[in-house]
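Please read the structure below before turning to the comments.
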Amino acid sequence: MRIFGSVRFYVLFAVVLLTFGASAGNADTLIFNVTPASTGSVSFAGATTADAAAASLIGTNIQVQSLTFVPTSGPAVTYAVTGGLLNFTSGNFSGSLDASSPGGAVWFFDGSDTNPSAITLTGSMTIGTTVITNATLLSGYFPDLTNPDPISVRPNALGAFTVAAGSFFDQKNSAMVAALNMPGGTYLGNMAISFDSSNTNPWLGTPANCLVETNGERDCGAAFHSTLIKGGTIQNTPPVPEPGTMLLLGTGLLSLGGLLRRKLFGA
């Protein structure tokens, strides 16, 4: 029925507005700053096939030096983070692109909805009168998306490589967000971390029988390891509904649409 189709359209449109409008209404941003030219490691053991069980991208003890709070109005404020350490583990390796591809060499990694602590940041900091000591500042996970993959590694303009995590969901330290007058709840984050690699040839040691998909993506990738982190940021935007919450919200609104249909047009 065309009228019901219109009702369903507006219900779905309302889902979009409620989902994205909630986060857009408060644009305060938190940016954790990675210590330039610091220790820590980023590594990938390599994979001869896609989705190899042990082939994850792993970041270990990456040093974080500060938090910059960017409010919706007023100047940004930076707070020192003492002993800040970022650790993360991706889901499985999912494929790679050859260095001759238009965008250059790229490694792709899945997320993992079953690992609630796939990314953690610990440390100490003082915000006004609030003192946070040796605490978890954020803890979250990379969503398990198939297209696009949430995490990639590629060469950058600095002659190094960049870990780019397009999205992750996390919970913040409650004392930290309270001191910044920000709400609790689930935050949406992304990160970009630059590092030097001991393997600058992305296809060094790649098996000759590496399968190449029709889109040019390979199901294998060479290993790399770095103990020199050049810098980067971990950025967070305000609380957003988690995927399960959005699904429940959408289901509820669609049910409401069905009720309206029965009320207005009969069963």
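The values are calculated or read from the model by the stated rules, or taken from the named source; none is laboratory data. Not measured: the values here are computed from a predicted model. Glycine gets a Cβ as well: all are built from the backbone with ideal geometry, and neighbour counts include every protein chain shown.
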Where residues in region 23-38 are among the aliphatic types (A, V, I, L, M) and modelled with pLDDT of 95 or more, which of them is surrounded by the fewest Cβ atoms within 10 Å (Cβ to Cβ)?
I31
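Kindly provide the set of residues from region 62-83 that are assigned to a loop (DSSP other than H, G, I, E, B) and surrounded by 15 or more Cβ atoms within 10 Å (Cβ to Cβ), ordered by number. Outline the logic, then answer.
First pass over region 62-83, keeping only residues assigned to a loop (DSSP other than H, G, I, E, B): 71-76.
Listed by number, the list holds a single entry, P71.
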